[in-house]
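What follows is a single structure, written as structure tokens, with notes after it.
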Amino acid sequence: MNDTTRTALKAAAVSLLILTMALLGYTLWARGKVVESGTAMGIVIALVVFAAFALRNVAKSARQGLPLEDEFTKRAKASAASFAFYASLYLWLALMYFEDYLPEHRLPGLAILGSALIFGLRYLYLVKRGRVD
Amino acid sequence: MKTRIKELRARYDLTQEDLARKVGVRRETILFLEKGKYNPSLKLAHDVAQALETTIDELFFFEGDPR
């Protein structure tokens, strides 16, 4: 798979996610759930900011004729993934402990969102730090 | 780990971007290699050494290595 196809697929996936979250936010708002709606819209804003940042990097790399992914970024992703898995175990434990205080049926969603957030933040940290070992 | 990438790059009048393009990696990867932050794979070390017309052991070394 070349860089253009990969970028197009990622852009489509992120757009779909943003659209879904925006629709969820609107539906919750329409039902009068202001806090949940605000959370969903907050996630939408975070995703849009992240997508804009990623798009800027893609455009810069394309202009310079450099690859979007290389050995370093692949290692950073692998390292961030293993960290996210390990940290998620503790996150699950914490969520199970506070289960009674959380909204019903939200546990899996929160855990998945938490894992994704941990992965994303750890990846950005590693890519900025330059040391992945 | 220390490297002589910056020194050799200057000798051939190459920017980090030029070297990255030659090797086929991102510019940041060259930056982290130069700073000694990133330990490259043998393949990447070989590619960088080849791009700078030198050998791996001339390019990468550890402090205290007999030179």
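The residues of the range B:1-42 that are more than 7 Å from chain A (Cβ to nearest Cβ) and among the basic types (Lys, Arg), listed by number, are B:Lys2, B:Arg4, B:Lys6, B:Arg9, B:Arg11, B:Lys22. Residues that are under 20 Å from A:Leu68 (Cβ atoms) and open to solvent by 30 Å² or more (accessible area, probe 1.4 Å) within the range B:17-40 comprise B:Glu17, B:Asp18, B:Arg21, B:Lys22, B:Gly24, B:Arg26, B:Arg27, B:Glu28, B:Leu31, listed in sequence order. Counting only helices (runs of 4 or more DSSP H) that sit completely within the range A:1-106, those holding 1 or more residues that are at pLDDT below 85 correspond to A:3-30, A:34-64. Checking each residue in the range B:43-52 for being open to solvent by 40 Å² or more (accessible area, probe 1.4 Å) and either in contact (Cβ under 8 Å) with a residue 24 or more places away in the chain or within 14 Å of another protein chain (Cβ to nearest Cβ) (or both) picks out B:Lys43, B:His46.
Under the condition of being closer than 24 Å to A:Ala12 by Cβ and within 21 Å of the chain's Cα centre (by Cα), the residues counted in the range A:24-77 number 30.
Which members of the range A:57-108 meet the condition of being of a type in the set (D, E, K, R) and more than 14 Å from chain B (Cβ to nearest Cβ)?
Within the range A:57-108, A:Glu99, A:Asp100, A:Glu104, A:Arg106 meet the criteria.
Screening B:Lys6 on (1) out of contact with any strand residue (DSSP E or B) (no Cβ under 9 Å at 6 or more places or on another chain); (2) open to solvent by 60 Å² or more (accessible area, probe 1.4 Å); (3) farther than 27 Å from A:Asn57 by Cβ; (4) touching a residue at least 24 places away in the same chain (Cβ under 8 Å) shows it passes everything except condition (3). Looking across A:Ala30, A:Ala11, A:Ala54, one residue alone is among the aliphatic types (A, V, I, L, M) and within 27 Å of B:Gln16 (Cβ to Cβ). It is A:Ala54.
Any chance the range A:6-13 includes a residue that's more than 14 Å from chain B (Cβ to nearest Cβ), loosely packed, with under 15 Cβ neighbours inside 10 Å, among the charged types (D, E, K, R) and touching a residue at least 60 places away in the same chain (Cβ under 8 Å)? Scanning the range A:6-13 turns up at least one residue that is more than 14 Å from chain B (Cβ to nearest Cβ), loosely packed, with under 15 Cβ neighbours inside 10 Å, among the charged types (D, E, K, R) and touching a residue at least 60 places away in the same chain (Cβ under 8 Å).
The values are calculated or read from the model by the stated rules, or taken from the named source; none is laboratory data. This one's a predicted model, so the numbers in the text were calculated from it and none came from an experiment. Every residue, glycine among them, receives a Cβ derived from its backbone with ideal geometry; neighbour counts consider all protein chains shown. Accessible surface areas use protein heavy atoms only, side chains included; no ligands, DNA or RNA. Shrake-Rupley method; radii C 1.70, N 1.55, O 1.52, S 1.80 Å.
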